[in-house]
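What follows is one structure encoded as structure tokens, with my remarks underneath.
The values are calculated or read from the model by the stated rules, or taken from the named source; none is laboratory data. Note that the coordinates shown come from a computational prediction; the quantities given were computed from them, not determined experimentally. Cβ: placed from backbone, ideal geometry, glycine included. Neighbour counts: every protein chain shown.
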Amino acid sequence: MTDLPTKLLIGGEARDAQDGRTFATFDPAHGAELAQVAQGGPDDVDAAVTAARDALDGAWMKTSPAKRARALNRLAQLLDDRTDELAELESRNVGKAKWQCEAEIKVAVATLELFAGTAQHLYGRSHVVNPAVVSYTLKEPVGVVGAIIPWNYPLMMAAWKVAPALAAGNTLVLKPASATPMTALRLGELALEAGIPAGVLNVVPGPGGEVGEAIAAHPGIDKVAFTGETGTGRRIAETAAKTLKRVSLELGGKSPNIVFADADLDAAVLGSLWAIYYAAGQSCEARSRILVEDGAYDAFASAFAERARSLTVGDPLSPDTKVGSLISRAHADRVRGFVDIGLEDGGELLAGGDLDLGDGLDADAFVAPTVIGGVANDARIAQEEVFGPVVTLTRFADEAEAVRIANDVRYGLAATVWTGDGGRGHRVAQRIRSGAVGINTPFIAFPGVPFGGFKDSGYGREQSIEALDLYTETKAILQNTSAKPMNPLGI
Ligand code: NAD
């Protein structure tokens, strides 16, 4: 590929890092270097914060909500027009099937359009306090937002933060994951092309321990919006507390997929395959624990494992590929390690093992769709986030036990319930401690629907009207309406 974005984007300019460092970004499926990218450091974060602050108090403050909306819609149109090019770039950098990257770019487009529509509807409220006081509230931007995003959905995760932040009048310093800087940098370029003023969206790739830490600690940043691992989120919240930044955290998951014996088993098998193997299982919302009622366990396990074995694993750019590579060899090794742990703890391998991928691909970066049956919910493989194409099967006896097992993890991001009994679907959904529950559907993330976690999956809701609360401060303005002269001390 030619013309890859390889520089930091600060104040509307493509810049080298101040200390001149670069780092390699890869095409993991082929085990090849994609580009050398400028590696930001704390000084670059400082420059980006200055640019963001200047834009906040300057050009962006002078931009009316209607013009912000228009700019966001133009950015959405640019992404839509370039879906194919962006999807290829994303697919190469992440190793994910290109058709999935295309779908995610369409979600990014819809997210920008959703929040463009909110820019002119940031309403406060008015209140007559008593005959002498009337008040009204304003929804003002929080200020400079530091957005730190992961590698699994790079452009979509950027859009989930950039769209509401800009709609509400904030400016940003965006840090993509070190592994996947490409599409976030492209997004910054396209924002300029869409007429968003220089300095409003700055993009600084670099290591989490340097650039991410500098963002969390910087006194010029008012709010940190983070998506990533729970441990990283906890550390960011601790660092951000020192300057009392606002923080929102979208973290890890270990989500249950509950199959009752009265469910349509074919639909449950097909939906459950998507829920774990999409993005090669590298999804925060992956339903990585399948819980099956005793009466349906054997039939479900054999049908699901057979389908898992039949999924095409291979070149992310091939339209037939259902499961691409993982983000890196190192991550694939970690996932394989989890499979070993699951089997040592008594699980039974129902699908998985060696792959025959042919020439040109880095086989070590791939993991076959894996199913481990007969897993107890307290096993490590059922409690820890594997973040790969690995799912466990666990039996349950009745509804109460299903709910107990579903909730018996530290996370609470997503869940799916498969049942033919409508009342049961809602009953179980209400008792599951997670941010979203699908009844007879694996799809729980849509623009307009709140997305976020309970428990160790974080706090804050994205993708919906609730997200605007994360990016606005409420200001109360009070007016004296009394006809009497002011003499509050009665003197
Ligand atoms: P990660 O926590 O390793 O990294 C996320 C981002 O944080 C990256 O940009 C990274 O460079 C940065 N970072 C790392 N250390 C940092 C530090 N000390 N200070 C500041 N920033 C730092 O996560 P990942 O491996 O990129 O992504 C996978 C994780 O993200 C999984 O746990 C997954 O469940 C989670 N995730 C959650 C959601 C959600 O919406 N809940 C969505 C996608 C991914």
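Given the criteria basic (Lys, Arg), under 25 Å from Gly324 (Cβ atoms) and in a loop (DSSP other than H, G, I, E, B), does Lys106 qualify? So Lys106 fails the test.
Taking the criterion of being part of a loop (DSSP other than H, G, I, E, B) and either over 22 Å from Gln100 (Cβ atoms) or not aromatic (Phe, Trp, Tyr) (or both), would at least one residue in the range 422-431 satisfy it?
Restricting attention to the range 422-431, the residues satisfying the condition of being part of a loop (DSSP other than H, G, I, E, B) are none.
So far as the range 422-431 goes, no, none of its residues is part of a loop (DSSP other than H, G, I, E, B) and either over 22 Å from Gln100 (Cβ atoms) or not aromatic (Phe, Trp, Tyr) (or both).
For the range 465-491, enumerate the residues that are assigned to a loop (DSSP other than H, G, I, E, B) and in contact (Cβ under 8 Å) with a residue 60 or more places away in the chain. Break it down into steps so the answer makes sense when it comes.
Restricting attention to the range 465-491, the residues satisfying the condition of being assigned to a loop (DSSP other than H, G, I, E, B) are 465-466, 471, 481-491.
Matches in the range 465-491: Ile465, Tyr471, Thr481, Ser482, Lys484.
Per the listing Ala52, Ala29, Ala24, Ala14, the residue uniquely in a helix (DSSP H, G or I) and modelled with pLDDT of 95 or more is Ala52.
Look through Val109, Val133 and report the one residue that is closer than 25 Å to Gly228 by Cβ, away from the ligand (no atom under 16 Å from the Cβ), in contact (Cβ under 8 Å) with a residue 24 or more places away in the chain and among the aliphatic types (A, V, I, L, M). Walk me through how you get there before you give the answer.
Numbers: Val133 fails: closer than 25 Å to Gly228 by Cβ.
Within the list Val109, Val133, the selection yields Val109.
Residues in the range 61-116 that are of a type in the set (Asp, Glu) and more than 21 Å from Ile276 (Cα to Cα): Asp80, Asp81, Asp84, Glu85, Glu88, Glu113. The residue pairs whose first member lies in the range 18-41 and is within 23 Å of Ala332 (Cα to Cα) and touching a residue at least 60 places away in the same chain (Cβ under 8 Å), whose second member is among the acidic types (Asp, Glu) and surrounded by fewer than 17 Cβ atoms within 10 Å (Cβ to Cβ), and whose beta carbons are closer than 7 Å, counting only pairs six or more residues apart or on different chains, are Phe26/Glu33.
Yes/no per residue for (1) surrounded by fewer than 21 Cβ atoms within 10 Å (Cβ to Cβ); (2) free of Cβ contacts under 8 Å to residues at least 40 places away in the same chain; (3) under 16 Å from Val386 (Cα atoms):
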site: Phe260; (1), (2), (3): no, no, no
site: Arg289; (1), (2), (3): no, no, yes
site: Leu311; (1), (2), (3): yes, no, no
site: Thr321; (1), (2), (3): no, no, no
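Total residues in the range 250-301 satisfying the condition of being more than 16 Å from the ligand (Cβ to nearest atom), closer than 15 Å to Asn440 by Cβ and either assigned to a helix (DSSP H, G or I) or aromatic (Phe, Trp, Tyr) (or both): the figure is 13.
With the structure loaded, tell me whether Ala267 is under 30 Å from Arg404 (Cα atoms) and free of Cβ contacts under 8 Å to residues at least 40 places away in the same chain or whether it fails that test.
Values: under 30 Å from Arg404 (Cα atoms): yes; free of Cβ contacts under 8 Å to residues at least 40 places away in the same chain: no.
Taking the combined requirement at face value, the residue does not satisfy it.
Of everything in the range 213-247, what is in a strand (DSSP E or B), touching a Ser or Thr at 6+ places or on another chain (Cβ under 9 Å) and more than 10 Å from the ligand (Cβ to nearest atom)? Give them in sequence order. Lys223, Ala225 - these are the residues of the range 213-247 that are in a strand (DSSP E or B), touching a Ser or Thr at 6+ places or on another chain (Cβ under 9 Å) and more than 10 Å from the ligand (Cβ to nearest atom).
The residue of the range 190-210 that is nearest to Gly143 (Cα to Cα), among those that are more than 9 Å from the ligand (Cβ to nearest atom) and in a loop (DSSP other than H, G, I, E, B), is Val200.
State whether the residues of the range 171-183 include one that is closer than 28 Å to Thr63 by Cβ, in a loop (DSSP other than H, G, I, E, B) and not hydroxyl-bearing (Ser, Thr, Tyr). So far as the range 171-183 goes, yes, one or more of its residues are closer than 28 Å to Thr63 by Cβ, in a loop (DSSP other than H, G, I, E, B) and not hydroxyl-bearing (Ser, Thr, Tyr). Are any residues in the range 345-367 in contact with a helix residue (DSSP H, G or I) (Cβ under 8 Å, 6 or more places away or on another chain) and either among the aromatic types (Phe, Trp, Tyr) or at negative phi (or both), and if so, which ones? Of everything in the range 345-367, those that are in contact with a helix residue (DSSP H, G or I) (Cβ under 8 Å, 6 or more places away or on another chain) and either among the aromatic types (Phe, Trp, Tyr) or at negative phi (or both) turn out to be Asp345, Gly347, Leu349, Leu350, Ala351, Leu355, Leu357, Asp362, Asp364, Ala365, Phe366, Val367.
Within 16 Å of the ligand (Cβ to nearest atom), of a type in the set (D, E, K, R) and touching a strand residue (DSSP E or B) at 6+ places or on another chain (Cβ under 8 Å) - does that describe any residue in the range 173-189? Steps first, answer last, please.
Restricting attention to the range 173-189, the residues satisfying the condition of being within 16 Å of the ligand (Cβ to nearest atom) are 173-185, 187-188.
Now drop any that are not of a type in the set (D, E, K, R), which leaves 175.
Applying the additional criterion that residues be touching a strand residue (DSSP E or B) at 6+ places or on another chain (Cβ under 8 Å) yields 175.
So far as the range 173-189 goes, yes, one or more of its residues are within 16 Å of the ligand (Cβ to nearest atom), of a type in the set (D, E, K, R) and touching a strand residue (DSSP E or B) at 6+ places or on another chain (Cβ under 8 Å).
Determine, yes or no, whether Pro65 is in contact (Cβ under 8 Å) with a residue 12 or more places away in the chain, more than 30 Å from Asp320 (Cβ to Cβ) and not hydroxyl-bearing (Ser, Thr, Tyr). Yes, satisfied. When you check Asn152 against the structure, is it at pLDDT 95 or above, in contact with a helix residue (DSSP H, G or I) (Cβ under 8 Å, 6 or more places away or on another chain) and either within 16 Å of the ligand (Cβ to nearest atom) or part of a loop (DSSP other than H, G, I, E, B) (or both), yes or no? Yes: the conditions hold for Asn152.
State the number of residues belonging to the range 155-181 that are farther than 30 Å from Arg329 by Cβ and polar (S, T, N, Q). Steps first, please.
To start, the set of residues in the range 155-181 that are farther than 30 Å from Arg329 by Cβ comprises 162-173.
After this cut, where a residue has to be polar (S, T, N, Q) as well, the list is 170-171.
Looking only at that region, the number is 2.
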